[in-house]
Amino acid sequence: MPSETLWEIAKAEVEKRGSNGSEGDGVEIGEKSVFFIGSKNGGKTTIILRCLDRDEPPKPTLALEYTYGRRAKGHNIPKDIAHFWELGGGTSLLDLISIPITRDTLWTFSIVLVLDFSKPNDLWPTMENLLQATKLHVDKMIMKLGKTNSKAASEMRQKLWSNMQKDHPDFDSEKRKVICKTLRFVAHYYGASLMFTCKSEALLLKICGVINQLAFGIDKSKSICVDQNKPLFITAGLDSLSHIGSPPVPDNDIGKLHAHSPMELWKKVYGKLFPPKSTNTLKDVKDPAKDPQYAESEVDEMRIHKDQKN
C-alpha cells in the first residue's frame, strides 16, 4: 500500500479534530485575531504598534493591513500567535470586513472600534455603520456554520462580544456627559469594554493590557473609572444599566422622542446634540493607484498605457 502524502495526513488530522468537537468545547486555542476598525486617522495603527512594542512611526492605512505578534507561554511551549487586522478608510471600505472574519476565525476574533472624539458629529454614523456591517457579516457566517453544526452556531451567538476604544478631548460638561453615557450604553449593549485614551503613556499601557487579553488570553484588568471628568476605563461586565442611567435628556422631552428600541432612543438623544454631517464625508477615500506611498514605476507605466488605450 502506498504511503500517505503529507497533504493526506494533514487533511486527516483536521477531520479528526472536527469529529472530536474541538470547536467550542473549552479547549484553549493558541491563535487569536483582533480586528481594528473605526474613524480615519483615529489612532488604530499607533495602538497596534504600541501593543506589539514596535518603535516605528505609524503609516497611513490605505485599505486592509495585517500584522502579527507572538508571546511565549513558558519554556519549551509553543508561542501563542495573535493576528492583527486593521481596516482603513473609516466607513468607505466595508466590503473588506469579510476578509479577516471567516468561519475559521469566528471562535477566536475580537473587534476593537476606535472612534475620534475630535469629530463628535461623525461619531455615531461611523460607529453605527461599522458595527452594523460587522454584525451583518458575522450573522452570515454563523448561519453558514449552523447548517453544519447548529450547536456550535448557538454557542457562537452567546460568546461573541466587541471591544471598543475611544478618545477623550476637552468638551464642556454637558456634551461630555452625553458622549460618556451614550458610549457606556453602547458598550454595555454589545458586551464590550469601553476605554478612553490619549497620548498618555499610562493610559496606553492600560489599553495594551486589554488588547493583550484579547490577543493572548492574559488576565484582564479589574480596574474601573466611570468619572466622566476623567478618561473612562470600564472592562466588559463591570458596568450596568442601573449605573449608566437613562438618556441625558429632560423628562418632559423624552416622551417626544419616538423610538422602537433603547438603541434608537440613545441615537436620537445623541443626534439632538451632535447632528450627523453628510455621509459623503465618511466615504472619502483616495485611489490606491494614485497614492505615492505605493508607487511602482513599471506597474504605473503599464497602468497609464492601458488607460490611454481604453
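At pLDDT 85 or above and farther than 28 Å from Trp266 by Cα: which single residue out of Leu130, Leu64, Leu93 fits that description?
Being at pLDDT 85 or above and farther than 28 Å from Trp266 by Cα holds for just one of Leu130, Leu64, Leu93, which is Leu64.
I need the strands (runs of 3 or more DSSP E) fully contained in segment 53-133, keeping only those with at least 3 residues that are more than 17 Å from the chain's Cα centre (by Cα), over 15 Å from Ala215 (Cα atoms) and charged (D, E, K, R). Counting at least 3 such residues, we get no strands (runs of 3 or more DSSP E) at all.
Taking the numbered list (1) at pLDDT 85 or above; (2) open to solvent by 10 Å² or more (accessible area, probe 1.4 Å); (3) assigned to a loop (DSSP other than H, G, I, E, B) in turn, Pro169 passes all entries but (1). Looking across segment 98-133, the residues that are surrounded by 21 or more Cβ atoms within 10 Å (Cβ to Cβ) and of a type in the set (Val, Ile, Thr) come down to Ile111, Val112, Val114, Thr126. Among the conditions (1) open to solvent by 100 Å² or more (accessible area, probe 1.4 Å); (2) at pLDDT 80 or above; (3) not basic (Lys, Arg), Pro231 misses just one, which is (1). Residues in segment 190-212 that are surrounded by fewer than 15 Cβ atoms within 10 Å (Cβ to Cβ) and modelled with pLDDT of 85 or more: Gly191 alone.
Residues in segment 38-52 that are outside any helix (DSSP H, G or I) and open to solvent by 20 Å² or more (accessible area, probe 1.4 Å): Lys40, Asn41, Gly42, Gly43, Leu52.
Considering segment 68-97, and only residues there that are charged (D, E, K, R) and in contact (Cβ under 8 Å) with a residue 60 or more places away in the chain, the residue that is least open to solvent (accessible area, probe 1.4 Å) turns out to be Asp80.
The values are calculated or read from the model by the stated rules, or taken from the named source; none is laboratory data. Here the structure is a predicted model, which means the values were calculated and not measured. We place every Cβ from the backbone using ideal geometry, glycine too, and count neighbours over all the protein chains shown. SASA here: full protein model, heavy atoms, side chains in, ligands and nucleic acids out. Shrake-Rupley method; radii C 1.70, N 1.55, O 1.52, S 1.80 Å.
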